[in-house]
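Structure record follows, encoded as structure tokens.
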Amino acid sequence: MAVSRRDLFRGGFTVTAMSALGAAATPVAVGEARAVARPRIYTCTEWGARAANGTIDVLDRKPTYIVVHHTAGTNATDYTVEHAFQISREIQDFHMDERGWIDTGQQLTNSRGGFVTEGRHRSVEILDGGTRHVQGANVADHNSEIIGIENEGLYTSVDVPQALWDSLVQLVAYIGQQYGIAPSEIRGHRDFNATECPGELLYGRLPELREAVAAAMGVPAPEATRSWPLLKTGARNEKVQALQHLLRAHGFELQADGTFGASTFAAVRRLAEANGVTCQPCYAGRSVDESGFAGVTTWPLLVRTVRAGDTGEVARAAQVLIAARGLRFAPDRVIDIPTWQDLLA
Ligand SMILES: [Zn+2]
């Protein structure tokens, strides 16, 4: 067979070597100089937090990842510090009274006006110390290893205000410096849970955030990181069709029509329930059921290695993705996990 330039894995399809999520964190050599100035962070006392309803867990370890969230609430146009205090109180009330948590879930909150406030009590004191970690509640199954920042607003289709962006860069750089966390370990909530958070727009800017933080810290910019796509109700493309074939391979009866409708949502939800997969929803001024969204916790339950000549629903899922890219499957290659991620990127 003639090998065309567009044959899969043979020039037209770039497979970049990167650390996938779950790989060991890369420690960063920050050096002697402390390059990043400490940002102004308003404490719980300053914004008038309620007392926590229980003991704050302070772990004798540093967090591994810095996680970016959006609150999924209103894109307010009040950019004052008073408003930043107000949303801090609203989030705390919601987390304590509705979610039943002991305190605010996230460690830090960043307002659209660029004001940073402390979330869970003791987060600022412990961050300044740089050796321990206040365990929060913002990324299910990963709270012992992540420090989370809730950014005020909903960034599914609009970009963040410049003031929010600037304060986010400075804050993340300071956290990175305090804990020696490399910019490569900056993640979005959806890199851990099947959630839309932090929104398509803000999530799409994480590579830029890693670069800006690296520059602020005076360390090299990281390579891109592999991830799994987030698919939700209303999506209509070849990735949805591939997902549907994979679900069919697992015994779910639904049509592989490429449209993410109610039957796909229900199947993904049942898959998550059957595997004990949860998601810690972020504060939301709106109520969106994300329990059937397909994301980082969904795909690994479904994909399997595919080789040329394989048949069946899993192979059909791969074929859909390969065809959509105008590629052909080189007969001596296999589609392993990193390749699935590249095909779904
Ligand atoms: Zn989130």
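When the stretch 113-134 is filtered for residues that are touching a Leu at 6+ places or on another chain (Cβ under 6 Å) and within 16 Å of the ligand (Cβ to nearest atom), only Gly119 remains. Would you say Arg34 is charged (D, E, K, R), within 22 Å of Glu152 (Cβ to Cβ) and either in a loop (DSSP other than H, G, I, E, B) or at pLDDT below 85 (or both)? So Arg34 fails the test.
Among the criteria (1) in contact (Cβ under 8 Å) with a residue 24 or more places away in the chain; (2) more than 16 Å from the ligand (Cβ to nearest atom), the one Pro63 does not fulfil is (2).
Scanning the stretch 153-165 for residues that are open to solvent by 10 Å² or more (accessible area, probe 1.4 Å) and either near the ligand (Cβ under 10 Å from one of its atoms) or touching a helix residue (DSSP H, G or I) at 6+ places or on another chain (Cβ under 9 Å) (or both) gives Thr156, Ser157, Val158, Asp159, Val160, Trp165. Of all residues in the stretch 67-111, which are open to solvent by less than 50 Å² (accessible area, probe 1.4 Å) and either among the basic types (Lys, Arg) or in contact with a Cys (Cβ under 7 Å, 6 or more places away or on another chain) (or both)? Within the stretch 67-111, His69, His70, Thr71, Ala72 meet the criteria.
Of all residues in the stretch 227-249, those being in contact with a Pro (Cβ under 8 Å, 6 or more places away or on another chain) and either surrounded by fewer than 19 Cβ atoms within 10 Å (Cβ to Cβ) or closer than 13 Å to Thr297 by Cα (or both) number 1. The condition of being closer than 20 Å to Thr297 by Cβ and away from the ligand (no atom under 15 Å from the Cβ) holds for only one of Glu185, Glu200, Glu208, that being Glu185.
The values are calculated or read from the model by the stated rules, or taken from the named source; none is laboratory data. As the structure is a computational prediction, the values presented were derived from the model and not from experiment. In this analysis, Cβ positions are derived from the backbone assuming ideal geometry, glycine residues included, and neighbour counts consider all displayed protein chains. Areas reflect the complete protein model, heavy atoms only, side chains present, ligands, DNA and RNA absent. Shrake-Rupley method; radii C 1.70, N 1.55, O 1.52, S 1.80 Å.
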